[in-house]
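What follows is a short report on a single structure.
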Amino acid sequence: MNPKASSGDGIPEPSVKTIEGTEIKSSELIFRWIDGYYDGILSGFAIWRGRLCYFEICDDTVHDRKFTVHSLSDEEATRAIREYEEFKALHGDHIDLLPDGSYAGGTCHTTMEKAAADGDAMAAGTWQPPVSFRLNPIVGWFTSATL
């Protein structure tokens with residue numbers, strides 16, 4: 001991916017050549033859930049060294065996809081977990097990952113159930129747009145052919 005390219009939110013995408021931090025073995029990560037998906041996992045959340053982190057793809061031009069790992073503050077981790085729990089309650093647990101990064105399976109509510117739940121959240125004033133963690137500090141990176 002071009003370091004000057006953007007994912008549409010105006011934030012430049014990281015370049016593999018400019019990744020800071022250390023290489024993290026994927027076996028050191030406990031994968032939790034998917035945040036973005038398109039023909040494979042693009043981003044999500046995992047636990048590394050006892051803390052919830054955000055990860056996102058930075059290079060999918062090779063067999064092993066490369067991901068950056070971003071740190072989260074305690075407040076950001078709390079919000080991410082809350083948003084995940086709300087999503088899961090409204091839409092199902094089909095975004096869950098097993099600790100090794102494989103899919104946990106799970107259920108997905110029907111489109112009508114999703115629309116009704118989202119409408120209820122908006123009507124109640126509890127819906128908030130998702131927060132991006134793309135600008136958070138990069139603490140490392142990993143490669144994976146399985147994500």
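The values are calculated or read from the model by the stated rules, or taken from the named source; none is laboratory data. Please read these numbers as outputs of a predicted model, since none were measured by experiment. So basically every Cβ, Gly included, is an ideal-geometry build from the backbone, and we count neighbours across all protein chains shown.
Scan segment 34-47 residue by residue and report those that are assigned to a strand (DSSP E or B), of a type in the set (Phe, Trp, Tyr) and surrounded by fewer than 19 Cβ atoms within 10 Å (Cβ to Cβ). Reasoning before the result, please.
Of all residues in segment 34-47, those assigned to a strand (DSSP E or B) come to 34-37, 41-47.
If we keep only those that are of a type in the set (Phe, Trp, Tyr) as well, we get 37, 45.
Matches in segment 34-47: Tyr37 only.
For Lys17, indicate whether it is modelled with pLDDT under 85 and of a type in the set (Lys, Arg). When the stated conditions are applied, Lys17 passes them.
The set of residues from segment 86-121 being surrounded by fewer than 11 Cβ atoms within 10 Å (Cβ to Cβ) and modelled with pLDDT of 65 or more comprises just one member, Gly105. Of all residues in segment 36-48, none are among the acidic types (Asp, Glu) and modelled with pLDDT under 75. Considering only residues in segment 48-75 that are assigned to a strand (DSSP E or B) and among the hydroxyl-bearing types (Ser, Thr, Tyr), the one that is nearest to Asp93 (Cα to Cα) turns out to be Tyr54.
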